[in-house]
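Q: Dumping the structure here so I can ask a few things about it.
The values are calculated or read from the model by the stated rules, or taken from the named source; none is laboratory data. In this text the structure is predicted, and so the values were computed from the model without any measurement. All Cβ positions, even for glycine, are placed from backbone atoms using ideal geometry, and neighbour counts span all protein chains on display.
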Amino acid sequence: MAYKLIWSPAARDDLHDIVVFIARDNPERAMSFGYQLISETDRLQTFPRLGRVVPEYENENLREIILRPYRIVYRVNHERKVCEIARVWHSARGTLLL
């Protein structure tokens, strides 16, 4: 059974802010990159352990996919078969806040 994919409000805001920021210079690229970020997360429905464990937290259920320069951070709940996108974090922002 596939895992359900959920975007937290913070992650949705992150995605929106990224697209708006890129659109200032290149609206086409902004939409394309936004869809690419979403596409990366869609694979988690089939492969919930796809990303690596987030080094700062060392929690097996808190993982990330790197799509430079962004970190797509997500939580896995195997009992409920859910992957929750927690944040989409720019690596230049420093310490990850969850």
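Q: Could you list, in sequence order, the residues of the range 55-70 that are in a loop (DSSP other than H, G, I, E, B) and either more than 14 Å from the chain's Cα centre (by Cα) or modelled with pLDDT of 95 or more (or both)? Full working, then the answer.
A: Step one: of the range 55-70, the residues in a loop (DSSP other than H, G, I, E, B) are 55-61, 68-69.
Scanning the range 55-70 gives 55, 56, 57, 58, 59, 60, 61.
Q: Kindly provide the set of residues from the range 32-54 that are in a loop (DSSP other than H, G, I, E, B) and in contact (Cβ under 8 Å) with a residue 40 or more places away in the chain, ordered by number.
A: Result: 46, 48, 54.
Q: Could you please find all residues in the range 19-33 being closer than 15 Å to residue 90 by Cα and either surrounded by fewer than 14 Cβ atoms within 10 Å (Cβ to Cβ) or modelled with pLDDT under 95 (or both)?
A: Within the range 19-33, 20, 21 qualify.
Q: Test residue 72 against the criterion of being among the β-branched types (Val, Ile, Thr), buried (at least 18 other Cβ atoms within 10 Å of the Cβ) and out of contact with any Cys (no Cβ under 6 Å at 6 or more places or on another chain), and give yes or no.
A: Working: among the β-branched types (Val, Ile, Thr): yes; buried (at least 18 other Cβ atoms within 10 Å of the Cβ): yes; out of contact with any Cys (no Cβ under 6 Å at 6 or more places or on another chain): yes.
For residue 72, the condition - among the β-branched types (Val, Ile, Thr), buried (at least 18 other Cβ atoms within 10 Å of the Cβ) and out of contact with any Cys (no Cβ under 6 Å at 6 or more places or on another chain) - is met.
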